[in-house]
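Q: Please see the structure below; I have some questions.
The values are calculated or read from the model by the stated rules, or taken from the named source; none is laboratory data. Since the structure is predicted, the reported quantities are computational estimates derived from the model, not experimental observations. Neighbour counts run over all protein chains shown; Cβ positions are idealised from the backbone, glycine included. Just the protein is used for accessible areas: all its heavy atoms, side chains included, with ligands, DNA and RNA removed. Shrake-Rupley method; radii C 1.70, N 1.55, O 1.52, S 1.80 Å.
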Amino acid sequence: MGQTVTITIDGVEHQVAAGSLLIRAAQDTGTYIPRFCWHERMKPVGMCRMCLVEVQGPRGPMLITACTNEVAEGMVVYTGNDTVRKAQEGVLEFLLANHPLDCPVCDKGGECPLQDQAFSHGPGESRFVEIKRNYEKPIAISSLVLLDRERCILCARCTRFSEEISGDPLIEFKSRANVTEVNTFPDHPFASYFSGNTIQICPVGALTSVQYRFRARPWDLQMVESSGLHDTAHPRVSVHVSQNQVLRLVGVDNDATNHGWLSDKERFGFQYLGSEHRLTSPLIRRHGELVEVGWAEALDHVAERITLVGDSDGGEAFAVIGGAHGSNEDAYALSKFARVVLGTNNVDARLDDSLASHFLAATVDRALIGDIDTADTILVWGPDLKEEHPTLYLRVRRAAQELGVRLVVVHPRVTGLDDRTAIKANYRPGAGFVLLDEIAEGKHAALSEALSAPRVVALVGQASLADGPHLAEAVAAYVRSKAGSARILPLARRANLFGALDMGLAPDLLPGRVGADQAGRAALAGAWGEIPATRGKDTKAMLEGLGSSEIRFLLLVGADPVRDVPDPRPGPAALEAAEFVVSIDLFLNDSNRGADVIFPASGFAEKEGTATNIEGRVQKLNSVVPGPGQTRPDWAILADIADRAGRSIGLFSAETIAKEISEVAPAYDRVTWDFLEWEARDGAVVPLGGAPVLSHIPVALKGDIAPSAELTLHVGRTLYDDGVMMRHTPNLHRLAPGPVAHLNPEDAKRAGALHGHKVRVVTKHGDGEFTAVLDEGTPPGVVYVPFNQPGADPLGTDAVVRVTAVGK
Amino acid sequence: MSEFPADSHTIDRYEATGGYVQARRALGMTRDHLVEEIKASGLLGRGGAAFPAGMKWSFLAPARPSFLVVNADESEPGTFKDRQLLERDPHQMLEGVIITAIANEVHHAFIYIRGEYPKPARRVQAAVDEARARGYLGTGIFGSDYDLELTVHLGAGAYICGEETALINSLEGLRGEPRLKPPYFPAAKGLYMQPTIVNNVETVSNLPHILDMGAEEFSRIGHPDDTGTFLISVSGHVNRPGNYELPHGITWRHLIYEIAGGIPGDRELKAIIPGGASAPWFVPEIHLDDQITKDVCAEAGSMLGSGAVIVMDETTCMVRAAERIVRFFAHESCGQCTPCREGTTWMEMILRRIEEGQGRAIDLDLLLDVSDNISVGLNWPPKMTTICPLGPSAVSPILALRDYFRDEVQAHVELGGCPLTSGGRPPDPRSLQTVSAETSRRSTSMVAPDRDRE
Amino acid sequence: MSQWSEATQERAREIMTRYPQKRSAVMPLLYLAMAEEGYLSDAGMEEVGRWVGITPAQVQAVATFYTMYKRKPTGKYLISCCTSISCMLLGGDDVLHAVEDESGVPHGETDPEGLISVEHVECIGAGGGAPAVQVNYELVEGVTPDKARELVRWLGNARPGVVNGDEMQELFGGVRSFEWAIREENGAVGPYPAFQPLGTVGSEDKA
Ligand SMILES: Cc1cc2nc3c(=O)[nH]c(=O)nc-3n(C[C@H](O)[C@H](O)[C@H](O)COP(=O)(O)O)c2cc1C
Ligand code: SF4
Ligand code: FES
């Protein structure tokens, strides 16, 4: 700690950090002061008055709240003398006076600070003989959260969270004095992507989870720490399990990533694990039907095919798409399998929707999430963080609001951060380069000035599918040229995409941030043997190759290239044309429904391993429940196929794979499970130390020039969509916006479209009917259509769009 | 014919009697000079806290812009002095506002008037418009290069908004909840987190007179440590209720029996509330001949507060009076602090039970212990378990029940009702009283005794 | 997309210029919303939220903190009887009971016709003229139970378009806290304060 002061707590002198809150300082020196409203990550309000302690004041001893007062040199504090004890017991009695005695049926029972306090400090039986306040028992303030106002102690944690932290104040105090309550506004539910956090921080059972309600008691729960995979920041979570079922996820407070917060997608988005649609045994296609078979038969069938195709056409006839949803160990196995068993570099974990693999994997000046707090300027030129990167959204929001960081957001329309921006620039989808040139020419003085600050962190990615893959690189290059010191965070959203790329799941990459070039291949030859030299294809090229029958064999690993790609056209034809398709997945989807062989894979919390987040932080994933039926980890399935194909990849357990990774993947040098479990509790950011890794040379080529169409299409992602896992998570799937098209009221008028009525949206690649949403947040000339929505027809990436009204 | 003209609220009348001369002079003075002058005058705040006005100004943090908010939320039960100043002498206050603004380099001032005072608000707004028309407000006041905007803001029914930090939150469009201390003074961080001076209507209304007669002379009026005259609002069981402008230092006996004309029907005096509903009570047996000054009151364990004196005669049920005051604080609690939100309502429930004859022998002790958890040690000034003094203020009447009226409380319990009447409710004292036009007393406008403008 | 009359919107714009920050205009705008509909509806709160750029829940948090924003339809005449200590000592409760009895409207309610609402309130700063009553926040001091009954009947019969304090004081009042100076011609037009910037001040000739 830097500056310190000396204070005396209950007669003992302590050195504590100057400027720290008394409640914190006391805790750090071993004295726990009871509290309800105070929360480490939020501003103190001193409302519950539970943390009263006595100090020497100017006019004799006085009671102060430890949560609102900072320590001062020579402060003498009593946390347990008679005055303090009586005051605290008084507060507790007041809180209990109107609190129902329904602990036995309360979800919070057993993990309730109020209950605990009542046991340790509480009065025996209540002196409050009057009639208690009563309210309608739990009311649903959203489809995910229930509110029981009788239990509420008005600590303002939930209201502060939604205003201070997540920035959507939809739950607030109402009335005053003794009838004060927490509530939402009529017909305005608590529709926040972060609502679950209020359940987690509610110190009583006032806010409870619809999903978890009455499911278990804390004491029958088994709790295992892991990291969440819905969000590429990989927030730390604690997985709570009972009878081999995941019942809930709780955020774990750590400075590195999520500060304990989780998006509702992370918190509630595990329903799919228990879905009855999970694949539970190997399937083989017979007479057009998929039938269950034993492992041996399925594995042999695939192995034979591999030999057959390989012998006649060689590695070029194979394609591997996917691998971003598993662990690093799965990805490594897949990477090795493709190169060693299939003999191909045709492998891609990006479904054609993100940035150049080198940019993502090998940006040497990559920012840490923590850098967000210490920057002078943060530039977000990419997706709406609130929709695609909830953890980063909260960090950036806090930096702009609490830490005085200057925030610049560049996006085609309104974003979740706009209310905190110092500078906001909108641009027409596809016209990013035009704006960038203007900025470079100094046409946006304020903006370039902001980017010339000493420390700039730039979060860059694809704001709109119409933006070419290189815009982000060009933005990064510009920031580097202006800023004193620039830190770049390339944005991409697939679960463990960064881990997958680090394991070489891209045509031009090999494990450990090594290029698939001569040198890279040579370095790896010792461990892997000979690695094909031919340049690999990316997803787009592979689909084309399938279409032209140049590629005969397709391996899909947790991928749905028919639905989950920006350009909907090649997918179906390619799958149609494919001679043999093998899929490793949790579910049937539009891409593997026609496959020849399907293997049931285990999912999140069902297997051990590691994952690498957006900043390069490697963390442990733990296995908490057995997968359903005969599901197995990807790596195990791949290892078996390899053996039966007579080309063993020598992988026997996730842990030994991790060890092999640490040996052969330069950037992962020394990153073993032991290291993660014993030395790096918050994970380790790779490369550790100066391990030599390839550095990415930014390409400065121009992207597509601004489309001149009257209307340009902005396709962007929303947190809830029609992705396979969401589809099997009804709680959240039902919250997806669905087939909607946002129009500026002006444009709507011109197209004759009314709010809530149907419009037809037509592009070169597709067309479909959508419900019109009149929205000031969408600038004139732009039509915003959320990507991959339930019941929505894909429109492709073409920016030119026509909108016509169809009526009700 | 009253001592003052019916048009005392108009700018013509005000200027005819020397109005706005001091504001003009102030423009020529430095901040330091003005602050020193007010310090020297010894003027204490009249809003209840009796804090030295000059000293408060000297706390103003350097950041700019700074703001001024005149506290016209007058809601302390029994208080109605500011209302008279607002209705009858709005320009006197405005001149004080201009002086305060200049002294604190303020270019936007606010007057926060409680919502239940639409008439005073109309008068003040009219006065503001008159002053603006003459160039005394707005850009370049009095032809100088000094700009002063002024906004009259209407409250909406919340006593707590009289507490200066709650008032500031309310003015920011938030719930009127008091802010945490420290910072102890809005002068450090106030409206929009900028340095802000909050002063009471009566406080600022004194300023023109101080500049006029000079700090020296002003400080000789009244009591050395409580200078100038102050307004007392007398209500309750007296023949001549109303506002009285007095120098500090006379006795309660003099105030009640001479000035306020004694008690209707010559009934016995039973209790005095010296400084508004928040103040602990006095009883004639002990306090009748005490001097009315800040310090004497403090020594006797109470305060002059907002200068509201409420007189209760022998017909008054002390439990009922206490219940009514506790009810007020319970109703007006902002609800932030657990002890205030839950405790005051609990106290109200217990008192009502006792008054209605449902009291139990243990109830007085329970009441005292519940009170003790809001105001530790049951003293005045309180040792608070709360953020602001509202909660602890609710305890004041309970102190009287403990110290002077235990027997009356017990009598309620034993009788199963109110001892003062068979029916459980005392008779309406009004029926025993004759109030005719002339018994309604005279009240004066804010002028030092020796220099009436008339 | 405002549902307010152009006149009200004009007022709103004017009011917003009086404050350095938008949100400070919440309270006056809530009064405008009341004046527009006679009470503060949910729609009114949403509208205010749009004006100052906060969520309806935030507007509700503020509106429900104060007692003068009436969130259910309120009578043309809101009779507020003070029963705080000073008025109570001189019979404030009896005045309240008289008003409730004469109007047939209990505390916190409104008659079916929507003419009269009755409430008892805490101190309204009229202790020198206790017991005191307000009609649409226009004050009457020194009221007796009988005078209070007369006041209620008068409101029912005369149905003044503008409620004037001086007029009511002459007809139904007694002792005052102090002399009010010259007679006001203006008064209140609804159950909300009559104040120039709100455009709620009615004059008798207009009525
Ligand atoms: C609960 C409470 C209510 C208050 N009400 C008022 C009030 O109605 N009017 C007022 O001027 N001061 C009131 N005050 C005092 C103000 O907080 C503040 O001290 C005062 O306005 C400062 O002005 P002054 O220094 O000129 O007295 C109240 C204080 C508290 C704690
Ligand atoms: S003491 Fe009462 S009024 Fe004051 S802040 Fe606490 S709850 Fe609010
Ligand atoms: S924890 Fe300090 S007041 Fe609540």
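Q: Could you name every one of the helices (runs of 4 or more DSSP H) located completely within the stretch A:286-366 that has at least 2 residues being in contact with a Leu (Cβ under 6 Å, 6 or more places away or on another chain) and more than 22 Å from A:A527 (Cα to Cα)?
A: The helices (runs of 4 or more DSSP H) meeting that bar are A:357-362.
Q: Taking the options B:L167, B:L207, B:L191, name whichever one is on the phi < 0 side of the Ramachandran plot, in contact with a Phe, Trp or Tyr (Cβ under 6 Å, 6 or more places away or on another chain) and within 11 Å of ligand 1 (Cβ to nearest atom).
A: B:L167
Q: Right, something else. Would you confirm whether any residue within the stretch C:170-184 is touching a helix residue (DSSP H, G or I) at 6+ places or on another chain (Cβ under 9 Å), more than 9 Å from chain B (Cβ to nearest Cβ) and under 18 Å from C:T74 (Cβ atoms)?
A: Among the residues of the stretch C:170-184, not one is touching a helix residue (DSSP H, G or I) at 6+ places or on another chain (Cβ under 9 Å), more than 9 Å from chain B (Cβ to nearest Cβ) and under 18 Å from C:T74 (Cβ atoms), which makes the answer no.
Q: I would also like to ask the following. Evaluate the following for B:G54: is it in a helix (DSSP H, G or I) and either without any contact (Cβ under 8 Å) to a residue 40 or more places away in the chain or over 21 Å from B:P389 (Cα atoms) (or both)?
A: yes
Q: When residues of the stretch C:82-137 are filtered for being farther than 19 Å from C:A188 by Cα, of a type in the set (A, V, I, L, M) and surrounded by 24 or more Cβ atoms within 10 Å (Cβ to Cβ), how many remain?
A: Qualifying residue count for the region: 8.
Q: Also, I was wondering about something else. Among the residues of the stretch A:176-193, which ones are assigned to a loop (DSSP other than H, G, I, E, B) and open to solvent by 20 Å² or more (accessible area, probe 1.4 Å)?
A: A:P186, A:D187, A:P189, A:A191, A:Y193
Q: Answer yes if at least one residue in the stretch A:611-631 is crowded, with 20+ Cβ neighbours inside 10 Å and under 28 Å from A:L308 (Cα atoms), and no otherwise.
A: yes
Q: Also, quick follow-up: Go through (1) open to solvent by 30 Å² or more (accessible area, probe 1.4 Å); (2) in contact with a Pro (Cβ under 6 Å, 6 or more places away or on another chain) one by one and return the number of the condition A:R217 breaks.
A: (2)
Q: To continue, here is another question. Among the residues of the stretch A:721-730, are any closer than 15 Å to A:R428 by Cβ and in a loop (DSSP other than H, G, I, E, B)?
A: No, there is no match, as no residue in the stretch A:721-730 is closer than 15 Å to A:R428 by Cβ and in a loop (DSSP other than H, G, I, E, B).
Q: Quick check on C:K206: is it open to solvent by 10 Å² or more (accessible area, probe 1.4 Å), at pLDDT 95 or above and more than 8 Å from chain B (Cβ to nearest Cβ)?
A: no
Q: Is it the case, given these coordinates, that B:G18 is assigned to a loop (DSSP other than H, G, I, E, B), in contact with a helix residue (DSSP H, G or I) (Cβ under 8 Å, 6 or more places away or on another chain), more than 16 Å from ligand 1 (Cβ to nearest atom) and open to solvent by 30 Å² or more (accessible area, probe 1.4 Å)?
A: Yes; evaluated as a whole, the condition is true for this residue.
Q: Right, something else. Report every pair of residues separated by at least 6 positions or lying on different chains whose Cβ atoms are under 9 Å apart, first residue within the stretch A:283-299 and touching a residue at least 24 places away in the same chain (Cβ under 8 Å), second of a type in the set (K, R) and assigned to a strand (DSSP E or B).
A: A:W295/A:R632
Q: Out of all the residues in the stretch A:274-290, which are surrounded by fewer than 22 Cβ atoms within 10 Å (Cβ to Cβ) and either modelled with pLDDT under 95 or not acidic (D, E) (or both)?
A: Matches in the stretch A:274-290: A:G274, A:S275, A:H277, A:R278, A:T280, A:S281, A:I284, A:R285, A:R286, A:H287, A:G288, A:L290.
Q: Right, next: Exactly one condition in (1) open to solvent by less than 20 Å² (accessible area, probe 1.4 Å); (2) more than 16 Å from ligand 3 (Cβ to nearest atom); (3) at the interface with another protein chain (Cβ under 8 Å from one of its Cβ atoms) is false for B:A394; which is it?
A: Result: B:A394 passes all but (3).
Here's the yes/no breakdown for (1) under 20 Å from A:C103 (Cβ atoms); (2) within 11 Å of chain C (Cβ to nearest Cβ); (3) modelled with pLDDT of 95 or more:
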| position | (1), (2), (3) |
| --- | --- |
| A:N134 | yes, no, no |
| A:S142 | no, no, yes |
| A:V145 | no, no, yes |
| A:D148 | yes, no, yes |
| A:R151 | yes, no, yes |
| A:I165 | no, no, yes |
| A:I171 | no, yes, yes |
| A:S175 | no, yes, yes |
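Q: Here is a follow-up. Check the stretch A:746-756 and report whether any residue there is within 23 Å of A:E388 (Cβ to Cβ) and either touching a residue at least 12 places away in the same chain (Cβ under 8 Å) or not in a strand (DSSP E or B) (or both).
A: First, the residues of the stretch A:746-756 that are within 23 Å of A:E388 (Cβ to Cβ): none.
For the stretch A:746-756, residues within 23 Å of A:E388 (Cβ to Cβ) and either touching a residue at least 12 places away in the same chain (Cβ under 8 Å) or not in a strand (DSSP E or B) (or both): absent.
Q: Only residues in the stretch C:1-19 that are under 16 Å from C:P197 (Cβ atoms) count as the first member; pair them with residues that are among the basic types (K, R) and surrounded by fewer than 17 Cβ atoms within 10 Å (Cβ to Cβ), Cβ under 8 angstrom, at least 6 apart or cross-chain, and list the lot.
A: Taking only residues 6 or more apart or on different chains, the pairs are C:M16/C:K22.
Q: Would you call B:G377 more than 21 Å from B:C337 (Cα to Cα), without any contact (Cβ under 8 Å) to a residue 60 or more places away in the chain and away from ligand 1 (no atom under 16 Å from the Cβ)?
A: Spelling it out, it is not the case that B:G377 is more than 21 Å from B:C337 (Cα to Cα), without any contact (Cβ under 8 Å) to a residue 60 or more places away in the chain and away from ligand 1 (no atom under 16 Å from the Cβ).
One line per residue, one yes/no per condition, for (1) surrounded by fewer than 19 Cβ atoms within 10 Å (Cβ to Cβ); (2) charged (D, E, K, R); (3) in contact with a helix residue (DSSP H, G or I) (Cβ under 9 Å, 6 or more places away or on another chain):
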site	(1), (2), (3)
A:N81	yes, no, no
A:C103	yes, no, yes
A:K137	yes, yes, no
A:V145	no, no, yes
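Q: Now for a different question. So which pairs qualify, if the first residue must be in the stretch B:10-36 and without any contact (Cβ under 8 Å) to a residue 24 or more places away in the chain, the second must be surrounded by fewer than 17 Cβ atoms within 10 Å (Cβ to Cβ), the Cβ gap must be under 7 Å, and the two must be at least 6 apart or on different chains?
A: B:R13/B:D7
Q: Does B:T229 meet the test of being more than 16 Å from ligand 3 (Cβ to nearest atom), away from chain C (no Cβ under 14 Å) and surrounded by 17 or more Cβ atoms within 10 Å (Cβ to Cβ)? Step through it out loud before you land on a result.
A: Values: more than 16 Å from ligand 3 (Cβ to nearest atom): yes; away from chain C (no Cβ under 14 Å): yes; surrounded by 17 or more Cβ atoms within 10 Å (Cβ to Cβ): yes.
Considered against the rule, which asks whether it is more than 16 Å from ligand 3 (Cβ to nearest atom), away from chain C (no Cβ under 14 Å) and surrounded by 17 or more Cβ atoms within 10 Å (Cβ to Cβ), B:T229 comes out as yes.
Q: Of all residues in the stretch B:139-155, count the ones that are in contact (Cβ under 8 Å) with a residue 24 or more places away in the chain and out of contact with any Asp or Glu (no Cβ under 9 Å at 6 or more places or on another chain).
A: First, the residues of the stretch B:139-155 that are in contact (Cβ under 8 Å) with a residue 24 or more places away in the chain: B:141-142, B:144, B:146-155.
Those left that are additionally out of contact with any Asp or Glu (no Cβ under 9 Å at 6 or more places or on another chain): B:142, B:144, B:146-154.
So the answer is 11.
Q: Within the stretch C:148-162, can one find any residue that is polar (S, T, N, Q) and more than 11 Å from every other protein chain (Cβ to nearest Cβ)? Break it down stepwise before answering.
A: From the stretch C:148-162, those polar (S, T, N, Q) are C:157; that's our starting set.
Keeping just the survivors that are more than 11 Å from every other protein chain (Cβ to nearest Cβ) gives C:157.
Yes: one or more hits.
Q: Mind checking which residues of the stretch A:103-129 are in a loop (DSSP other than H, G, I, E, B) and in contact (Cβ under 8 Å) with a residue 12 or more places away in the chain?
A: A:C106, A:D107, A:K108, A:G109, A:G110, A:E111, A:C112, A:G122, A:P123, A:S126, A:R127, A:F128
Q: Search the stretch B:186-197 for residues being open to solvent by 10 Å² or more (accessible area, probe 1.4 Å) and more than 7 Å from chain C (Cβ to nearest Cβ), and hand back the single one that is farthest from ligand 3 (Cβ to nearest atom).
A: Filtering the stretch B:186-197 for residues that are open to solvent by 10 Å² or more (accessible area, probe 1.4 Å) and more than 7 Å from chain C (Cβ to nearest Cβ), the one farthest from ligand 3 (Cβ to nearest atom) comes out as B:Q194.
Q: Looking at (1) more than 19 Å from A:D418 (Cβ to Cβ); (2) open to solvent by 50 Å² or more (accessible area, probe 1.4 Å), which is the only condition A:L774 fails?
A: All conditions pass for A:L774, except number (1).
Q: Among (1) within 14 Å of another protein chain (Cβ to nearest Cβ); (2) open to solvent by 20 Å² or more (accessible area, probe 1.4 Å); (3) within 16 Å of ligand 2 (Cβ to nearest atom), there is one condition B:A49 misses while meeting the rest; what is its number?
A: (1)
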